[in-house]
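In what follows, a single structure is set out as structure tokens and then discussed.
The values are calculated or read from the model by the stated rules, or taken from the named source; none is laboratory data. Everything numeric in this text was worked out from a predicted model, so none of it was measured. Don't worry about glycine lacking a Cβ; one is built from the backbone with ideal geometry, like all the others, and counts go over all protein chains shown. Note: accessible area is taken over every heavy atom of the protein model, side chains too, but ligands, DNA and RNA are not part of it. Shrake-Rupley method; radii C 1.70, N 1.55, O 1.52, S 1.80 Å.
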Amino acid sequence: MPKPSAIKVGMTLSGPRLAEQNARFAAQAGATHIVVHLGRYAPGPDPSPYQTGGAVGPILGDCSAEPLWSYERMAEVVAMLRAHGLQIAAMENFAPNFWSDILLDGPRKTAQMDDLKRLVRDAGRAGIPVIGYNFSLAGVWGWMRRPVGRGGALTSVFDATAFDPDAPIADGMVWNMRYRAGRPEAPPVTVSDAELWQRLEWFLKELVPVAEEAGVRLAAHPDDPPVERLRGTARLVNQPHKYDRLLGVVRSPANALEFCLGSLQEMTTGDVYAATRKHARAGDIAYVHFRNVRGKVPSYQETFVDDGDIDMTEIVRILRDEAYDGVIVPDHVPELDCAAPWHAGMAYAIAYMRALVGNAEALGPSRTARELKMAG
């Protein structure tokens, strides 16, 4: 019999879904590792126009009163998951109010960095091995919900001609979330490419040494959508080669990648298979968002895991060949038309991923490895 793959299949639980019932669901579906989002934010603008397909989004909440996550809170989540036979893979996305002035180069950035250092140390003590983050002001923006997936499934679509990508970010907001009250007289938020990279470099040089000591890897997500600019702000990792620049800011195992296949495929340059092989071989990948899409910037849609432009079987072959032993998780998935749309969509993705990983040694040789050999 072929030996089992070292790749682990996980699931993401966030907000109200981070609960006992969904931990049981994850274990029943065959996930062994969980990526968590700890934020439980106050309601913001009415999200129904986005959810029903009439407006761009996503429309998120108000994090202005979100307290810094404590060691006790993180340890409680780790223990709850462990009680269901699940390991924690990562904690994803700082609440915007924790680091708004770091992103904006505001007067409180040093105080906020002190808080992030405490959070990272506490995460390490609680047994959280990875913290995923996305260094962006506009965040994820520009999606529309449309029933255009296979069989009319509801999924996310990006079409840069369907909305104004230059619409400014409201004062008091980053990452589509409110971190303080807005000021009507405030000028629009803008940031150049050079300024954004300077801010990232300060962030990494301050926080990576702390993460090293705490036994935590900081994992950077690429831009989604990976456009050049969005809402008056530069984008950081909107082409695959920019991951190299990010890794070069501080050379450390604690400076790593939240490797989103869908975002990489949406980019206008590069090759998702070559990028996967390169970063898996180098040990740069903290965990993988195993997501498929069809199309590229400026127009693409998210698909079921087996129905997009990426050959996901080939991705597993590459990870297998490069001895990747980390976690792969579905990201946001199309919803199935049933009584539990999210659960059904997630279970479908997990089952597909488990089938690939469980048979990784039987998938045959990597076709892209053969192509590289022939080209060389």
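General remarks:
- In summary, Y50 fulfils each of the numbered conditions (1) farther than 17 Å from W342 by Cβ; (2) modelled with pLDDT under 95; (3) hydroxyl-bearing (S, T, Y) with the single exception of condition (1).
- Verdict on Y287 being within 19 Å of D271 (Cβ to Cβ), buried (at least 21 other Cβ atoms within 10 Å of the Cβ) and among the hydroxyl-bearing types (S, T, Y): no
- Contacts under 9 angstrom Cβ, first residue in segment 350-371 being free of Cβ contacts under 8 Å to residues at least 24 places away in the same chain and within 14 Å of M312 (Cβ to Cβ), partner open to solvent by 40 Å² or more (accessible area, probe 1.4 Å) and part of a helix (DSSP H, G or I), 6 or more apart: none
- Yes/no for G15 being at positive phi and open to solvent by less than 30 Å² (accessible area, probe 1.4 Å): yes
- Qualifying residue in segment 100-109 (condition: surrounded by fewer than 20 Cβ atoms within 10 Å (Cβ to Cβ) and among the hydroxyl-bearing types (S, T, Y)): no
- The lone exception for E76 - which of (1) modelled with pLDDT under 95; (2) surrounded by fewer than 18 Cβ atoms within 10 Å (Cβ to Cβ) it fails: (1)
- Meets criteria (of a type outside the set (G, A, S), touching a strand residue (DSSP E or B) at 6+ places or on another chain (Cβ under 9 Å) and open to solvent by 40 Å² or more (accessible area, probe 1.4 Å)) for P96: no
- Close contacts from segment 143-172, counting a first residue that is on the phi > 0 side of the Ramachandran plot and a second that is surrounded by 15 or more Cβ atoms within 10 Å (Cβ to Cβ) and aromatic (F, W, Y), with Cβ to Cβ under 7 Å and a gap of 6+ residues or different chains, come to G172/Y179.
- Looking only at residues of segment 212-240 that are surrounded by fewer than 20 Cβ atoms within 10 Å (Cβ to Cβ) and closer than 21 Å to V191 by Cα, we find that the one that is nearest to the chain's Cα centre (by Cα) is Q239.
For (1) among the aliphatic types (A, V, I, L, M); (2) in a loop (DSSP other than H, G, I, E, B); (3) modelled with pLDDT of 95 or more, each residue gets a yes or a no:
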residue: V208; (1), (2), (3): yes, no, yes
residue: P222; (1), (2), (3): no, yes, yes
residue: P226; (1), (2), (3): no, yes, yes
residue: L236; (1), (2), (3): yes, yes, yes
residue: Y243; (1), (2), (3): no, no, yes
residue: P253; (1), (2), (3): no, yes, yes
